[in-house]
Amino acid sequence: MANPASPKPMRADTERTVRAILEAAERVLSANPAATVEQIAEAAGVARTTVHRRFASRDALIAALAAWATQRFREAVEAARPDTAPPAVALHQATVNVLRVKVSWRFAMDATATRADPEVARVHAGILASCERLFARARDTGLLGPDTDLDWARRVYYALIHEAAAQEPSTDAAVDAQATRVVTTLLHGLGGPKEAIGA
């Protein structure tokens, strides 16, 4: 079975075929989660036997799709340079990048939450560590308050991204606007005087 998360390199033509199958699977399964392998193969423009050569079963295909999307998620976070870019820049860019992945790979990202795949778990642990370091840098540079509960802030951030992705922004401008909304809400809340909440 092909595994896009495996470090073993694939031939270029094999990689193109696998990517075409995975992209087709995302499109087809997003529209119809009960879609068959035959429908996915048709959407990918390949024979059903080609899909079965790469993936032993429909479940194996979905597992590979989840692993593939997890790698895209990791790349999205890394591309924002969370350990080296100014925290405000890294936070905004990571939000933009992650939103693009969550919108483009919606079915696959949902599938990662329901699968106990050790490789997916390892990648997510690395992403979590990057996010924790970024939030610590944001606090240390004053972007977040000195008494910020970083675990709570991170969880709120994830929830905001989830809601922003649910709006399904369909253009780069829309994704950027949603990312700005997420970061602004995280850093500044929804406004209003502190007295209104008894501060």
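The values are calculated or read from the model by the stated rules, or taken from the named source; none is laboratory data. Please read these numbers as outputs of a predicted model, since none were measured by experiment. Cβ: placed from backbone, ideal geometry, glycine included. Neighbour counts: every protein chain shown.
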Revision key, fill the gap. Pairing a residue in the range 125-149 that is assigned by TED's automatic domain parsing to the domain that holds GLU75 with any residue that is surrounded by fewer than 18 Cβ atoms within 10 Å (Cβ to Cβ) and hydroxyl-bearing (Ser, Thr, Tyr), where Cβ atoms lie under 9 Å and the two sit 6 or more apart in sequence or on different chains, gives CYS131/TYR158; PHE135/THR148; ALA138/THR148; ARG139/THR148
**Study point:** Single condition ALA125 does not satisfy, out of (1) touching a helix residue (DSSP H, G or I) at 6+ places or on another chain (Cβ under 8 Å); (2) over 26 Å from ALA177 (Cβ atoms)
**Key:** (1)
Practice item. Output the number of residues of the range 139-156 satisfying the condition of being over 17 Å from ARG74 (Cβ atoms) and within 21 Å of the chain's Cα centre (by Cα). Key: 6
Practice item. Answer with yes or no whether VAL120 is modelled with pLDDT under 95 and surrounded by 13 or more Cβ atoms within 10 Å (Cβ to Cβ). Key: yes
Check your understanding: Do any helices (runs of 4 or more DSSP H) lying entirely in the range 70-184 carry at least 3 residues that are aromatic (Phe, Trp, Tyr), and which ones are they?
Key -> 150-166
Check your understanding: Going through the range 153-176 one residue at a time, which ones are farther than 17 Å from GLY189 by Cα and of a type in the set (A, V, I, L, M, F, W, C)?
Key -> ALA165, ALA166, ALA173, ALA174, VAL175
Exercise for review: Kindly check whether there is at least one residue in the range 76-94 that is touching a Phe, Trp or Tyr at 6+ places or on another chain (Cβ under 7 Å) and surrounded by 16 or more Cβ atoms within 10 Å (Cβ to Cβ).
Suggested key: no
**Study point:** Filtered residues of the range 157-177 (kept if more than 15 Å from the chain's Cα centre (by Cα) and closer than 10 Å to THR95 by Cα)
**Key:** ASP176
